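The values are calculated or read from the model by the stated rules, or taken from the named source; none is laboratory data. All values reported here derive from a predicted model rather than from experimental measurement. All Cβ positions, glycine included, derive from the backbone under ideal geometry; neighbour counts span all protein chains shown. Side chains are part of the model used for accessible areas, which takes the heavy atoms of the whole protein and leaves out ligands, DNA and RNA. Shrake-Rupley method; radii C 1.70, N 1.55, O 1.52, S 1.80 Å.
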Amino acid sequence: GNIVAIVGRPNVGKSTLFNRLTQTRKAIVNEEAGTTRDRQYGKVEWCGQEFSIIDTGGWVVNSEDIFEEEINKQVALAIEEADVILFMVDVKTGAVDLDDHVAAILRRSSKPVILVANKADSNEWQYNAAEFYSFGLGDPFCVSAASGSGTGDLLDEILKRFTKKSEPEIEADIPRFAVVGRPNAGKSSIINAFIGEDRYIVTDIAGTTRDSIYTRYDKFGFDFYLVDTAGIRKKGKVTEDLEYYSVIRSIRAIEASDVCILMIDATRGIEGQDLNIFSLIQKNKKGLVVCVNKWDLVEDKSNKAIQTFENAIRARLAPFVDFPIVYASALTKQRIFKVLESAVQVYKNRQRKIPTSKLNEVMLSAIENYPPPAHKGKYVKIKYVTMLRETYVPTFVFFCNLPQWVKEPYKRYLENKIRETWNFSGTPINIFMREK
Ligand code: GDP
């Protein structure tokens, strides 16, 4: 998919625009349960096309007191990772030094840039936007992110700027795995361990740009693609000292994969950046295997210690807790096959189809034992359940008289029952209520 990045100095309205653009999708798609809302990464749908949007400013702590060095990194990251860059300025303040500075960097890049003049709430302010022609980045697009005016035209323009990418040809029924995690978690090490000395690579298919690369491996009895973005095996040009780079870097890999192997450093446990990456995996509804790496460095490997570790991980990632955890060492290669095996298993679980008769037998009896709570004296009756066939994520549809009154906790009860009965470990599932 395409990625759009918003850059600009603080207070020009980046996050307001981000919220405005990501709201286009909410009306169409059911709000996913259990995903943490974040302001940095979202999906936009416009005229039937979907793309991802990142607010690079949202990743910077203390973005209020931003310095030139900071914004340089932000812009470098956008140039490296995005397909289209929205450069936001403020008509009310006009062009300031920092804007000129950013414009100069963007002019030198070959990425498509759309100059967005924000806070153009009236015609009068729109005239002020003329001064931005001096950036040499083409016509400014006047918008008011707060009221939404001009954002439709902006979205049209964004779609126009996407260069058509020919999708790399890969075999659809071979699982695609991405190894993700923060710097030094051991991603490169485990990928090298998977690949080994002798390369069993069948094909190396590069996208037309520097996007995802699928490399196919037929090893250890598993046939899979490793999704690699240019940044994973080689360290990128941009320094990795700011951890949000690793998160933004992983967007393409996550989007292009079926199952993500999330590398956690056993000596550090789960921290903020791990959660951000986890949230990206959830938003994209991908499969998950957690690999607790550097297990060789952990002294206490007793069952009790493992249990404590495991509880801590699941507590941090709740409410999604049904996923495999593998304790491995990329260094000693201990259990690295188990990591692949689990990823293949998760892939299979995503494709699992439950026969309708069996599904109804189990679920209707579970519903009878614990019916949905009545609403204002009216009973919610679930009569029938079916699993959709051609979906990427396992999707269950429950038919009932009052679908809007079946709330999250009850859906969670249904989900737990499904997970108890069948193996959907590692994959999110969708539960929808529909009127019969
Ligand atoms: P990346 O940034 O996620 O790709 O992490 P690297 O693969 O570059 O690993 C970072 C550091 O951790 C390197 O010094 C590795 O040698 C070390 N490392 C990676 N995996 C393990 C492991 O399982 N055990 C130990 N002891 N060290 C590891």
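Here are some notes:
- Extreme residue, modelled with the highest pLDDT, among residues of region 212-248 that are touching a strand residue (DSSP E or B) at 6+ places or on another chain (Cβ under 9 Å) and within 14 Å of the ligand (Cβ to nearest atom): Leu226
- Matching residues in region 326-357 - criterion: being of a type outside the set (Phe, Trp, Tyr), away from the ligand (no atom under 16 Å from the Cβ) and touching a strand residue (DSSP E or B) at 6+ places or on another chain (Cβ under 7 Å): Ser342, Ala343, Val344, Val346, Arg350, Lys353, Ile354, Thr356
- Cβ pairs under 9 Å, 6+ apart, first in region 423-435 and closer than 16 Å to Gln345 by Cβ, second open to solvent by less than 10 Å² (accessible area, probe 1.4 Å) and assigned to a loop (DSSP other than H, G, I, E, B): Phe424/Pro394; Ser425/Phe323; Gly426/Phe323; Thr427/Phe323; Thr427/Pro394; Pro428/Pro394; Ile429/Pro394
- Against the conditions (1) buried (at least 18 other Cβ atoms within 10 Å of the Cβ); (2) over 15 Å from the mean Cα position of the chain (by Cα), Ile281 satisfies every one except (2).
- Filtering Asn360, Asn311, Asn416 for residues that are open to solvent by less than 50 Å² (accessible area, probe 1.4 Å), in a helix (DSSP H, G or I) and away from the ligand (no atom under 16 Å from the Cβ) leaves a single hit, Asn360.
- Hits in region 395-423 (condition: under 24 Å from the mean Cα position of the chain (by Cα) and over 22 Å from Lys358 (Cα atoms)): Glu408
- Residue check, Lys304 more than 14 Å from the ligand (Cβ to nearest atom), modelled with pLDDT of 85 or more and either in contact with an Asp or Glu (Cβ under 7 Å, 6 or more places away or on another chain) or not in a helix (DSSP H, G or I) (or both): no
- Candidates Asp100, Asp121, Asp156: the one that is in contact with a Ser or Thr (Cβ under 9 Å, 6 or more places away or on another chain) and either in a helix (DSSP H, G or I) or β-branched (Val, Ile, Thr) (or both) is Asp100.
- Filter pass, Val290 being surrounded by 18 or more Cβ atoms within 10 Å (Cβ to Cβ), on the phi < 0 side of the Ramachandran plot and in contact with a Pro (Cβ under 8 Å, 6 or more places away or on another chain): yes
- Residue list for region 147-164, restricted to those being among the polar types (S, T, N, Q) and open to solvent by 20 Å² or more (accessible area, probe 1.4 Å): Ser147, Ser149, Thr163
- Condition check for Pro371: more than 22 Å from the chain's Cα centre (by Cα), assigned to a loop (DSSP other than H, G, I, E, B) and over 19 Å from Phe177 (Cα atoms): yes
- Scanning region 312-329 for residues being of a type outside the set (D, E, K, R) and at pLDDT 95 or above gives a total of 7.
- Condition met for Ile174 (within 16 Å of the ligand (Cβ to nearest atom), surrounded by fewer than 20 Cβ atoms within 10 Å (Cβ to Cβ) and of a type in the set (A, V, I, L, M)): no
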